[in-house]
Amino acid sequence: MQDSVVSILGESEATTRCEFYKDEFDTTIYPLVTELTGDPDGVIGDIDNDPKIIILIAENTATYYSQYNEIEHIYSNYCEMIYIYYNTFEIIGTIAHEFCHLIWFNYEFDEVHFALEGLAEYATYYAGYFTQYDNLSSRTSYFFDRPDDSLIYFDVAAKDYGGAYLFTFYLAERFGLQFLRDLVQQEVDGALGIETTLQESGYDISFNSLFLDWITALTIDNVEIADGRFGFREFDISIIEISNAIEIPYTRNRQNLNFYGLRAYKLTNPADSFSVEISGSSLRFFGLSIAFHDVTGWHIQQSQNQSSILENVYGTSIDTAYLIMSAIGSNTPSGNIDFGSGPSTEVDIAIRSKPTIASGSEMNWIIGGVTLIVATCAIGIFILRERVNK
């Protein structure tokens with residue numbers, strides 16, 4: 001603890017706090033966070049050949065981990081060390097968060113922030129410090145207020161931490177903790193790193209498809225369908241209360257979509273068959289997930305396309321329907337995508353009560369009807385010719 005903080009708190013209080021932080025770190029944080037993310041030495045190693053982690057409780061309001069301490073650098077302290085502001089809210093959970101950063105940076109220095117911060121928030125949960133909040137972080141509410149915020153761009157706001165945490169939680173529930181450990185050691189970064197780790201783990205799924213599954217899970221939160229991939233098991237969430245309730249028919253032009261942000265619409269009194277058309281700039285790729293519930297249960301339709309998307313929906317007594325969409329990349333995002341709010345685009349949305357293209361069953365009926373008419377006409381001509389001949 002910094003001397004100035006000891007002076008502020010008094011020696012007795014300072015000693016009590018330091019003993020508490022030390023014990024909590026040794027008995028809870030260290031074993032659980034290393035179990036989740038791996039060895040603190042990573043591939044960089046232990047620069048001071050001392051297995052202890054130094055936690056500096058400081059007066060500086062910044063709370064962070066600096067990788068410069070573990071490399072040859074003018075500002076290096078040559079040790080594994082994290083900095084914690086003494087008056088930080090929920091300081092123990094923050095120590096777990098920063099310790100997770102220390103471990104990941106011991107494997108690589110250039111991982112993007114939505115992955116780094118998502119796992120650090122998950123490490124806080126894994127160590128048990130979100131239990132009193134029903135396993136939700138204190139920052140998820142900010143994301144629920146702004147679900148259109150880009151997942152992959154990080155502007156260091158509370159909503160970014162909340163979204164990154166929910167995405168990492170989804171990864172953990174769907175693919176398991178070993179996937180997170182493998183991700184820490186993955187050399188490829190960001191969205192492409194997640195996709196690469198999935199492929200190396202035997203999962204045939206693109207990041208774009210994964211993202212559509214995630215935003216669908218955020219909207220309907222139902223683990224009873226599709227092997228649980230459209231919901232969360234450890235908490236109950238949904239953003240449907242802030243979705244736009246719309247009537248069919250519905251048309252709106254120039255609706256904003258953020259790059260890997262979520263825009264959801266709830267349909268009021270949905271028809272049993274309707275079409276959804278999204279069109280916009282050819283410079284952007286779109287992803288659409290339609291989730292609807294009828295007498296046979298929940299159904300999910302997803303599509304990805306450039307320039308425009310047309311989806312026809314057919315159900316029986318549909319009582320609930322959502323449109324969930326985003327601007328996405330035509331390929332998995334890679335490269336220098338990290339800080340900022342990210343690009344956006346505008347789309348035109350049209351929802352009609354009658355589908356613009358008949359379904360497969362309807363087409364079969366139409367073809368069958370045409371065949372029947374042709375056959376009937378042929379019989380009629382045959383009879384007419386017979387009468388003429390007689």
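The values are calculated or read from the model by the stated rules, or taken from the named source; none is laboratory data. Everything numeric here is computed off the predicted structure, so don't read it as measured data. Every residue, glycine among them, receives a Cβ derived from its backbone with ideal geometry; neighbour counts consider all protein chains shown.
Below, the figures for the structure above:
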read-out	value
Helices (runs of 4 or more DSSP H) fully within the range 48-164 counting 3 or more residues that are in contact with a Cys (Cβ under 9 Å, 6 or more places away or on another chain) and either closer than 29 Å to Gly176 by Cα or not aliphatic (A, V, I, L, M) (or both)	113-126
Some residue of the range 228-238 being more than 18 Å from the chain's Cα centre (by Cα), surrounded by fewer than 21 Cβ atoms within 10 Å (Cβ to Cβ) and not aliphatic (A, V, I, L, M)	no
Pick from the range 49-74, criterion surrounded by 15 or more Cβ atoms within 10 Å (Cβ to Cβ) and of a type in the set (Gly, Ala, Ser), ranking: nearest to Thr16 (Cα to Cα)	Ala58
Selection from the range 303-326 of residues that are in contact (Cβ under 8 Å) with a residue 40 or more places away in the chain, assigned to a strand (DSSP E or B) and closer than 20 Å to Ile246 by Cβ	Leu310, Asn312, Val313, Tyr314, Thr320, Ala321, Tyr322, Leu323, Ile324, Met325, Ser326
So Gln306, is it in contact with a Leu (Cβ under 7 Å, 6 or more places away or on another chain), closer than 27 Å to Tyr153 by Cβ and not hydrophobic (A, V, I, L, M, F, W, C)	no
Selection within the range 242-267 - charged (D, E, K, R) and either surrounded by fewer than 16 Cβ atoms within 10 Å (Cβ to Cβ) or under 17 Å from Asp160 (Cα atoms) (or both)	Glu247, Arg252, Arg254, Arg263
Any chance Thr16 is out of contact with any Lys or Arg (no Cβ under 9 Å at 6 or more places or on another chain), outside any loop (DSSP other than H, G, I, E, B) and either in the same structural domain as Tyr107 (by TED's automatic domain parsing) or at pLDDT below 85 (or both)	yes
Residue check, Asp46 exposed (fewer than 15 other Cβ atoms within 10 Å of the Cβ) and either out of contact with any Pro (no Cβ under 6 Å at 6 or more places or on another chain) or outside the structural domain of Tyr161 (by TED's automatic domain parsing) (or both)	no
